[in-house]
Amino acid sequence: MLDFIAGHYDYWFIILLLIIGLYGMIMKKNLVKKLIGMTIFQAAIILFYISGAIKADATVPILSDSIPNSQPENYINPLPHALMLTAIVVGVATVGVAFALLIQIYKRYNTLNEQELIERMK
Amino acid sequence: MKIINYTSLVLIGLLLIYASLGLPYRGDAEALVNKEKSLIGSPVASSYYIQNAYKDMNTPNIVTSILGDYRAFDTLGEEVVIFTAGIICFLLLSKERKSETK
Amino acid sequence: MKQSSDSPIILLLSRVISPYIMLFGLYVIFHGHYSPGGGFQGGAMLAASILLIRISAEEKVYELQFKKSFDIPLGAFGVLIFFGVGLTAMLLGGNFLDYHFLPMDWMSKADIRAMGILLIEVGVGLAVMTILVAIYDNLLEGEDA
């Protein structure tokens, strides 16, 4: 039982982070706060991938002469790192686009509150 | 309305925790993604990269060799995405400035 | 939101630090084959060094470091480097982005592949740097108008 908890507790913290991000996206009325929630959600996904990459007693995926690369157990899984590296940069770019859209919305409607926006768009 | 939101959040959290019980142990080198051969006997991608990256392109950093060579097409698409994001920012925010100065 | 601080200490300190951040960014890009790093991280660091001056100084000063009108064209040039390397390999008989068809015959195949990775990392670093600076510039401009 203790072994099982030690092997799975990091997933539960990631789920907590994911729920915090989802809370921000659902419950907050301000669009900037929704965007912050989306960023937290994204961080949870990235952490999930990275935590899936680790192997016990393995080292970083940079080959060195003293550690043979014939056994894959010696190096941690490099594939999620490569995927998440691109995901982080795309996340930054999408946040930039989202801020540009928010600036345009604020210029036109003078508010970022979701409820007021919906009423004014009617 | 708020009650529904909170309960749905809690339910999603419980569902995800239930799903996490079936995931492999943290740091398990015997998990399916970390094995050398998959269930049908073909080589698993990450193990193939670890074993052959240095032989293929003389680069000790495996992440760089995946990013730049094995999955270069992916990186190209991703770079086009960030370039598009920059152009979108430029178009969105500089259009109104021009129309105001006229 | 064009408010730069008048304090000479902030300007001096960021002027001293910015070139070293830029140098470290270049090191991260070009040493990415042997240590953690690569185009994305190095590009982000180069962008940080440029944005530091943009935050601390006024427009007249930071235009001297990196012109506003350069950022989108240079980003396009970075994407073009990546695409051009892939297209060169394709025109010389290989598949798209198949680096060992690049015209560098004096090296072994694996070394040509390493050089191809270096070329595209430079392209990625240039594109990431300029696009991050462009997003900052355009957000600032859009807020003013």
Residue that is assigned to a loop (DSSP other than H, G, I, E, B) and surrounded by 14 or more Cβ atoms within 10 Å (Cβ to Cβ), where the choices are C:G86, C:G78, C:G94: C:G94
Please count how many residues of the range B:45-61 are at the interface with another protein chain (Cβ under 7 Å from one of its Cβ atoms), over 19 Å from the mean Cα position of the chain (by Cα) and open to solvent by less than 30 Å² (accessible area, probe 1.4 Å). 3
Please determine whether any residue of the range A:74-93 is more than 7 Å from chain B (Cβ to nearest Cβ), over 22 Å from A:Y9 (Cα atoms), modelled with pLDDT under 90 and open to solvent by less than 50 Å² (accessible area, probe 1.4 Å). yes
Residue list for the range C:54-69, restricted to those being surrounded by fewer than 20 Cβ atoms within 10 Å (Cβ to Cβ) and either assigned to a helix (DSSP H, G or I) or at pLDDT 95 or above (or both): C:I55, C:E59, C:K60, C:V61, C:E63, C:L64, C:Q65, C:K68, C:S69
Exactly one of (1) more than 10 Å from chain B (Cβ to nearest Cβ); (2) in contact (Cβ under 8 Å) with a residue 60 or more places away in the chain is unmet by A:N110. Its number? (2)
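When you scan the range C:18-29, do you find a residue that is among the polar types (S, T, N, Q) and open to solvent by 40 Å² or more (accessible area, probe 1.4 Å), even just one?
Step one: filter the range C:18-29 for residues among the polar types (S, T, N, Q), giving C:18.
When the remaining residues are screened for being open to solvent by 40 Å² or more (accessible area, probe 1.4 Å), the result is none.
No - not one qualifying residue is present in the range C:18-29.
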Does the range C:44-52 contain at least one residue that is part of a helix (DSSP H, G or I), facing chain B (nearest Cβ under 10 Å) and not aromatic (F, W, Y)? no
Within the range C:89-131, how many residues are more than 9 Å from chain B (Cβ to nearest Cβ), within 22 Å of the chain's Cα centre (by Cα) and farther than 21 Å from C:Y34 by Cα? 1
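Answer with yes or no whether B:S38 is at pLDDT 90 or above, farther than 30 Å from A:L102 by Cα and of a type in the set (G, A, S).
No, not satisfied.
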Contact list, first residue from the range B:1-27 and at the interface with chain A (Cβ under 7 Å from one of its Cβ atoms) and within 22 Å of A:L2 (Cα to Cα), second anywhere and surrounded by fewer than 15 Cβ atoms within 10 Å (Cβ to Cβ) and of a type in the set (V, I, T), beta-carbon distance below 8 Å, six or more apart or interchain, is none
Selection over the range B:31-44 where residues are under 19 Å from A:I54 (Cα atoms) and either open to solvent by less than 50 Å² (accessible area, probe 1.4 Å) or at the interface with another protein chain (Cβ under 7 Å from one of its Cβ atoms) (or both) yields a count of 6
Check off (1) over 30 Å from B:Y48 (Cβ atoms); (2) touching a helix residue (DSSP H, G or I) at 6+ places or on another chain (Cβ under 8 Å) for A:I118 and give me the number that stays unchecked. (2)
In the range C:96-110, the residues that are aromatic (F, W, Y) and in contact with a Gly (Cβ under 9 Å, 6 or more places away or on another chain): C:F96, C:Y99, C:F101
Which ones in the range B:9-30 are modelled with pLDDT of 90 or more and open to solvent by less than 40 Å² (accessible area, probe 1.4 Å)? B:L9, B:G13, B:S20
Output the qualifying pairs, or none if there are none: Cβ atoms under 9 angstrom, residues six or more apart or on different chains, first residue in the range A:65-76 and among the acidic types (D, E), second residue assigned to a helix (DSSP H, G or I). A:E73/B:N34
Within the range B:62-78, restricting to residues that are open to solvent by less than 10 Å² (accessible area, probe 1.4 Å) and without any contact (Cβ under 8 Å) to a residue 12 or more places away in the chain, the one that is nearest to A:T94 (Cα to Cα) is B:T75
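The values are calculated or read from the model by the stated rules, or taken from the named source; none is laboratory data. Note that the coordinates shown come from a computational prediction; the quantities given were computed from them, not determined experimentally. Positions of Cβ are backbone-derived with ideal geometry, glycine not excepted, and every protein chain shown enters the neighbour counts. Heads up: the accessible areas ignore ligands, DNA and RNA and are worked out on the full protein's heavy atoms, side chains in. Shrake-Rupley method; radii C 1.70, N 1.55, O 1.52, S 1.80 Å.
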